[in-house]
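What follows is a set of notes on a single structure, which appears directly below.
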Amino acid sequence: MDDQSLYSNALMNYAAKFYEAYMREARTHHQIQTPTWADFVCDPLNKISVFCWVEVARAAIKIEAEVRDNAL
(Lines give C-alpha, C1' and ligand atoms only; values in the text may rest on other atoms or scores of the structure.)
Protein backbone atom coordinates (compact mmCIF):
# COMPACT_ATOMS: atom_id res chain seq x y z
CA MET A 1 0.00 0.00 0.00
CA ASP A 2 1.43 3.40 -0.95
CA ASP A 3 1.34 6.39 1.39
CA GLN A 4 -1.21 8.30 -0.67
CA SER A 5 -3.75 5.52 -0.15
CA LEU A 6 -3.69 6.38 3.57
CA TYR A 7 -5.44 9.67 2.80
CA SER A 8 -9.04 10.07 1.68
CA ASN A 9 -9.71 11.34 -1.82
CA ALA A 10 -11.41 14.39 -0.32
CA LEU A 11 -8.37 15.23 1.80
CA MET A 12 -6.01 14.78 -1.15
CA ASN A 13 -8.25 16.99 -3.31
CA TYR A 14 -8.26 19.67 -0.61
CA ALA A 15 -4.47 19.48 -0.32
CA ALA A 16 -4.24 19.79 -4.10
CA LYS A 17 -6.23 23.04 -4.00
CA PHE A 18 -3.78 24.56 -1.51
CA TYR A 19 -0.76 23.29 -3.46
CA GLU A 20 -2.14 24.62 -6.74
CA ALA A 21 -2.92 28.06 -5.27
CA TYR A 22 0.56 28.31 -3.77
CA MET A 23 2.29 27.17 -6.95
CA ARG A 24 0.19 29.47 -9.13
CA GLU A 25 1.49 32.44 -7.13
CA ALA A 26 5.04 31.05 -7.12
CA ARG A 27 4.95 30.83 -10.92
CA THR A 28 3.56 34.37 -11.18
CA HIS A 29 5.99 36.04 -8.80
CA HIS A 30 9.14 34.00 -9.38
CA GLN A 31 8.57 32.97 -13.00
CA ILE A 32 9.43 29.36 -12.26
CA GLN A 33 8.07 26.10 -13.55
CA THR A 34 6.23 23.97 -11.01
CA PRO A 35 4.87 20.44 -11.30
CA THR A 36 1.17 19.70 -11.34
CA TRP A 37 -0.25 18.16 -8.17
CA ALA A 38 -0.55 14.80 -9.94
CA ASP A 39 3.12 14.87 -10.95
CA PHE A 40 4.16 16.18 -7.54
CA VAL A 41 2.33 13.39 -5.69
CA CYS A 42 3.70 10.67 -7.96
CA ASP A 43 7.32 11.65 -7.39
CA PRO A 44 8.62 9.57 -4.45
CA LEU A 45 11.11 12.33 -3.62
CA ASN A 46 8.16 14.52 -2.60
CA LYS A 47 6.78 12.09 -0.01
CA ILE A 48 7.39 14.41 2.96
CA SER A 49 6.16 17.49 1.09
CA VAL A 50 2.94 15.70 0.10
CA PHE A 51 2.45 14.81 3.77
CA CYS A 52 2.96 18.50 4.65
CA TRP A 53 0.34 19.66 2.12
CA VAL A 54 -2.09 17.06 3.50
CA GLU A 55 -1.47 18.43 7.00
CA VAL A 56 -2.20 21.96 5.74
CA ALA A 57 -5.50 20.63 4.37
CA ARG A 58 -6.27 18.94 7.71
CA ALA A 59 -5.62 22.19 9.56
CA ALA A 60 -7.84 24.12 7.16
CA ILE A 61 -10.66 21.61 7.58
CA LYS A 62 -10.34 21.87 11.36
CA ILE A 63 -10.42 25.68 11.24
CA GLU A 64 -13.39 25.62 8.87
CA ALA A 65 -15.28 23.28 11.20
CA GLU A 66 -14.46 25.40 14.26
CA VAL A 67 -15.60 28.60 12.54
CA ARG A 68 -18.78 26.91 11.36
CA ASP A 69 -19.51 25.44 14.81
CA ASN A 70 -18.98 28.82 16.49
CA ALA A 71 -21.35 30.43 14.01
CA LEU A 72 -24.20 28.09 14.96
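The values are calculated or read from the model by the stated rules, or taken from the named source; none is laboratory data. Just so it is clear, the structure is predicted and the values come from calculations on it, not from any experiment. With ideal geometry, Cβ positions are generated from the backbone for all residues, glycine too; neighbour counts draw on all protein chains shown. Accessible surface is based on the protein model in full, side chains and every heavy atom, while ligands, DNA and RNA are left aside. Shrake-Rupley method; radii C 1.70, N 1.55, O 1.52, S 1.80 Å.
Laid out as a table, the results:
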quantity	calculated
For the chain, accessible area per residue (1.4 Å probe, heavy atoms of protein chains only), Å²	77
Segment ARG68-ARG27, extension gain: residue separation times 0.36 nm, minus the distance between their alpha carbons	11.5 nm
From the C-alpha gyration tensor of the chain, square roots of 5λ in Å	24, 18, 8
Peptide ranges 14-22, 44-52 listed from the most packed, as the mean C-beta count within 10 angstrom indicates	14-22, 44-52
0 to 90° range, to nearest 10: angle between helix 47-71 axis and the chain longest Cα axis	20
Cα centroid of the stretch 14-29 to Cα centroid of the stretch 32-51, whole Å	12
Whole-number percent relative contact order across the chain, with pairs defined as alpha carbons under 8 Å at least 6 apart	40
Percent accessible area from carbon and sulfur atoms, the chain, protein chains only, probe 1.4 Å	58
